[in-house]
Amino acid sequence: MHIENFKIFSDLVDSQSFSRAAKLNGITQSAVSQQLRAMEKHFNVLIVDRSQKQFRLTREGERLYESTKEILHLYDQVACELQEMKKVISGTIHISTIYSIGLHELPPFVKRFLVEYPTVNIRIEYRRSNLVIEDVLHNAVDLGIVAYPTKTRQIEIIPFTEDQLVVICSPNHPLASKHEIDPSELAGHKFIGFDQDIPTRKATDQIFRDLKIDLEPVMEFDNVETLKRAVEIDAGMAFVPEATIRQEVEQGTLIKLRLKGRRISRPLAIVHRKGRVLTPAMKKFIQMMTEKEPS
């Protein structure tokens, strides 16, 4: 047995999907099936209960999975310790994050990190918030970066900053001449929101409830870039992270409005699976993200 065999088996059990395990390891589904059969032949046991419609391990398979996780953890730990002994900062950091953070909050950190550690490669995937967490849980990525992180038993949360939510509108909107508005002035205007399962949407819905304003979005989008385009054509107003609209405000295509007496913070955090062994490169990246804002 090679360490790759155990990695593929672990990914298969974690994802309960042959196609997902194949994608994570850059091989075909057929190759994953062959690896499973090879392990069963090697240990002379049945690992997966094929009489069940759903993916289910046999008792022997469960024991093998427990040992596999221990083997992989020890292997990763030793590899990281050897890198640290050689003072090596290299390798790849695979990050999954939402659009607003990946496009507007993350770039200055990544740029500074790569200047300091040019032998490190950073791969970034843009995903919906729930899929970022799924990627982390399935070990498809090293780190996730999300807004409004939710505490769970399997996820380690590392807060690194807060941004602010502001109201935006088109320059042609009736409230565009104001830089600050009373919350009550929002009533009666069309609003554009994120999809209902997105944490920032849940937060803005709560804001409306707190303000006792009954607003039902006329449009819903899954990312901030599309939402901004809808506001620019005066389809409605929206709550968005302030960092995402700096360029449009400077260019005059969007107007930023603050709410009198309210400062609406949006917490951002790095997340990784609990118990995951962090490489020296990952540790340095987290350290840079949490120390201070890049200049």
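So which of Ser170, Ser184 is of a type in the set (S, T, N, Q) and at pLDDT 90 or above?
Ser170
Glu134: among the charged types (D, E, K, R), out of contact with any Lys or Arg (no Cβ under 7 Å at 6 or more places or on another chain) and farther than 18 Å from Phe285 by Cα, yes or no?
So Glu134 passes the test.
Could you list, in sequence order, all residues of segment 190-225 that are in contact with a Phe, Trp or Tyr (Cβ under 9 Å, 6 or more places away or on another chain) and either among the polar types (S, T, N, Q) or over 17 Å from Leu165 (Cβ atoms) (or both)?
Residues satisfying the conditions are Thr200, Thr204, Asp214, Glu216, Val218, Met219, Asp222, Asn223.
From Val136, Val132, Val141, Val110, grab the single residue that is buried (at least 16 other Cβ atoms within 10 Å of the Cβ) and outside any helix (DSSP H, G or I). Steps first, answer last, please.
On the way: Val136 fails: outside any helix (DSSP H, G or I); Val132 fails: outside any helix (DSSP H, G or I); Val110 fails: outside any helix (DSSP H, G or I).
Matching residue, one of Val136, Val132, Val141, Val110: Val141.
Which number in (1) surrounded by fewer than 17 Cβ atoms within 10 Å (Cβ to Cβ); (2) part of a loop (DSSP other than H, G, I, E, B) marks the one condition that Arg209 misses?
(2)
Is there any pair linking a residue in segment 198-214 that is small (Gly, Ala, Ser) to one that is part of a loop (DSSP other than H, G, I, E, B), with Cβ under 7 Å and at least six apart or on different chains, and which?
What qualifies is Ala203/Tyr148.
Which one is surrounded by the fewest Cβ atoms within 10 Å (Cβ to Cβ), of the residues in segment 57-78 that are over 19 Å from Asn139 (Cα atoms) and not acidic (Asp, Glu)?
In this case the residue turns out to be Arg59.
Taking Thr204 and the conditions (1) farther than 26 Å from Gly252 by Cβ; (2) at pLDDT below 90, which numbered condition does it fall short on, given that it satisfies the others?
Among (1) farther than 26 Å from Gly252 by Cβ; (2) at pLDDT below 90, the lone unmet condition for Thr204 is (1).
Looking at segment 113-129 only, could you name the residues that are assigned to a loop (DSSP other than H, G, I, E, B) and under 18 Å from Arg201 (Cβ atoms)?
If the condition is that a residue be assigned to a loop (DSSP other than H, G, I, E, B) and under 18 Å from Arg201 (Cβ atoms), then Arg127, Arg128 are the ones that fit.
For segment 121-174, name all the residues that are basic (Lys, Arg) and under 16 Å from Pro267 (Cβ atoms).
Passing the criteria: only Lys151.
Given the criterion at pLDDT 95 or above and over 19 Å from Tyr126 (Cβ atoms), identify the matching residue among Leu215, Leu254.
From the options Leu215, Leu254, the qualifying one is Leu254.
Would you mention how many residues in segment 257-275 are of a type in the set (Lys, Arg) and surrounded by 16 or more Cβ atoms within 10 Å (Cβ to Cβ)?
The total comes to 3.
The values are calculated or read from the model by the stated rules, or taken from the named source; none is laboratory data. Keep in mind that what you see is a predicted model, and the values were worked out from it rather than measured. Heads up, the Cβs are rebuilt from the backbone with ideal geometry, glycines too, and the neighbour counts pull from every protein chain shown.
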